[in-house]
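Asker: Pasting a structure below so you can have a look.
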Amino acid sequence: MNRKLEELFDLPPTSKEVDTSVPSIPDNREKLAVINDAIDKIDAALPMVKGLEATDMEMDDLAKKATDSYDELMSLGMQVDSRFAAEIFSVASNMLGHAITAKTAKLDKKLKMIDLQMKKMRLDQQQADKDPEAATQQGQGHVLSRNELLERILGKNQNAQKE
């Protein structure tokens, strides 16, 4: 490659005069730690998203209103003269379309939230795979037979029923 392309695309030189000031792995780790701290500060400074449940209720209300309007318009269309009924039925189908759109928007939002949660879990898992010591969970275990386990569970249920 020539120098103009290297400068244009900000590429390292390909000639024998290669720059030896490439940062080492510990330097990169320190820089990544600083960047991660900055990202954590930014995340803490941003407000949390609130009101997700409110939009679900609003979408349900809109769908219910549109469905109720559809039902009323259908009954009205059946009672009027046939030359006027076509326009009423057209409006009724629009109302049903709005109800479907509201329900679809609600489902799309839930699917996006699930997708984001799965992506976050995947990133957390990848991070844990890279640093296994940070993800080690501490716990305490006991070896029990099946009967002992059932007795404990039933004992807790019986105690809860007595109280």
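Asker: Just grab the label-to-label distance for Met57 and Leu8, each label 7 Å out from Cα along the Cβ direction, in nm (one decimal).
Answerer: 6.0
Asker: Let me ask another. Can you work out the base-10 log of I(q)/I(0) for segment 51-131 at q = 0.17, 0.19, 0.22, 0.23 1/Å, using the Debye formula on its C-alpha atoms alone?
Answerer: Rounded to two decimals, the profile gives -0.74, -0.82, -0.93, -0.96.
Asker: Counting only other residues whose beta carbon sits under 12 Å from that of Met95, what net charge do I get with K and R as +1, D and E as -1? Numbers along the way, then the final one.
Answerer: Values: positive: Lys64, Lys65; negative: Asp68, Asp71, Glu72.
My count for the surroundings of Met95 gives -1.
Asker: Between Lys41 and Asp131, what is the FRET efficiency for a Förster distance of 22 Å, r being their Cβ-Cβ separation, to the nearest 0.05? The partial results should precede the final answer.
Answerer: Working: r = 21 Å, r/R0 = 0.94.
The pair Lys41/Asp131 has a calculated efficiency of 0.60.
Asker: Can you give the relative contact order of segment 51-131 as a percent, counting alpha carbon pairs under 8 Å and 6+ residues apart?
Answerer: Details: 44 pairs, mean separation 27.5, N = 81.
It rounds to 34 percent for segment 51-131.
Quick note: the coordinates plus some simple rules give every number you see, no bench work behind them. Please read these numbers as outputs of a predicted model, since none were measured by experiment. So basically every Cβ, Gly included, is an ideal-geometry build from the backbone, and we count neighbours across all protein chains shown.
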